[in-house]
1. Going by C-beta contacts inside 10 Å, put Tyr153, Tyr178, Tyr11, Tyr191 in order with the fewest on the left.
2. Using alpha carbon centroids, what distance separates region 33-60 and region 194-214, in Å?
3. Quick one: Karplus J couplings for region 301-314, per residue in order, coefficients 6.51, -1.76, 1.60, θ = phi - 60°, nearest Hz, x for Gly and Pro?
4. Using only the alpha-carbon atoms, how far is helix 2-11 inclined from the longest principal axis of the chain? Give it as 0 to 90 degrees, nearest 10.
5. Can you work out the Karplus-derived ³J(HN,Hα) for every residue in region 56-68? Use 6.51 cos²θ - 1.76 cosθ + 1.60 with θ = phi - 60°, whole Hz, and x for glycine or proline.
6. Cβ neighbours within 10 Å, averaged per peptide: list 91-102, 256-267, 285-296 in order, most packed at the top.
7. Counting other beta carbons within 10 Å of each Cβ, put Ile276, Ile268 in order, fewest first.
8. Please report Cys331, Cys161 as a ranked list, fewest other C-beta atoms within 10 angstrom at the top and most at the bottom.
Amino acid sequence: MENMEFFASRYLLESTGDHTDRTAEIEEMLRTHGACVLGAGEFTVSGVKMPDHTTLMGLGTATRLYLDPALEEGFAVQIGSFCTVKDMALYGAYEDIPTPTAVGSRHGLYFMGTATTKNWKNSGPRNSIVSGCLARYFSGGGLTCVDTGYLIYTSLTVTNCHMLNCGAGINISHFSEYHEFTNVLSDNNLYGCINNGGNNVFTNCGFNDNETGFLMDNSENQSPNNSHGSAVGCTFNHNGNNEGIAIQVLGCQHGYVFTGCQLFFGKIVVENSVGILFNSFNVGRNLDVSITGGKLTMFTDCVFHSAPASLRVEDNALVKFINCYTRDGECVGV
């Protein structure tokens, strides 16, 4: 009991129950002690910048951290190097607001480097961890990675999180890679995930009931190091009111692997891309597939509820369907 009381008195910051800006208090506790535990209740911030080697945590969703709604842009928490953020809810509004119609500039968790400069090798914060967080009502990303670079040690490990009602549940810029996401749900967003970097891996994640489920966009050649990651055991269900795009791949030149995934009620769109592999999918009804330009795209060992409602291939002679069948045993392919 004495140890718990000492821990609480030293690291715990209590809610005041009002909308006072608590940013300075949180940052001071992080600088002084290396850790800050937010108690139950509401905390309003104008943008916490975590010092390196610090931990910010709450008491699960009983802790609610709000980015001041009066701010037109910014972030609730910017993660530094070797930091941990865990067990809290982050909100971009005090009350329910509609899901954005465009990706904006208010973010929940923010991991930022300077990889657009020539000094990209030393451009980003070092490996940090996010777990057990809920992010909701941010016009930008519930979790946003910006220009963190190409290196393995400028990465985030994200587990057991939920992103809702954001411009993008996960928003990864074209100079950000080697991030790992496990057991992350990203639902009811404009985009479940915008993955414009490279080498990013998603395992057992859900991108469901978004306007667009999962987007990779190098259509303007803005990223020399795009795609070449994987989505393993993920779900892409009921996007766009059952008529939207589940997976959209634009101008990706280095391949991507989707394997062991489920896709129900959504479209697959691949344009001017290379080495896109859909393996061991369980595919539901009302699927449209559109493949335009590019080089090899493969569907292997997939089971379809029924033949795709529309299967369009244009300007691409390399599309292959291998061992793909409906549940009735009908061969699926072009």
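Read-outs: derived from the displayed coordinates by stated rules, not from any lab. Small disclaimer: the values here were computed from a predicted structure and weren't measured. Note: ideal-geometry Cβ built from the backbone for every residue, glycine included; neighbour counts use all protein chains shown.
1. Working: Tyr153 12, Tyr178 23, Tyr11 18, Tyr191 26.
Listing Tyr153, Tyr178, Tyr11, Tyr191 from fewest to most nearby Cβ atoms yields Tyr153, Tyr11, Tyr178, Tyr191.
2. So the separation of the two Cα centres works out to 27 Å.
3. Result, rounded to whole Hz: 6, 10, 10, 10, 4, 7, 4, x, 4, 8, 10, 10, 10, 10.
4. Once rounded, one gets 80 degrees.
5. Couplings: 10, 9, x, 10, x, 6, 5, 9, 10, 9, 10, 6, 3 Hz.
6. 256-267, 285-296, 91-102
7. Numbers: Ile276 24, Ile268 27.
Sorted ascending by nearby Cβ count, the order is Ile276, Ile268.
8. Values: Cys331 10, Cys161 26.
Fewest-to-most ranking of Cys331, Cys161: Cys331, Cys161.
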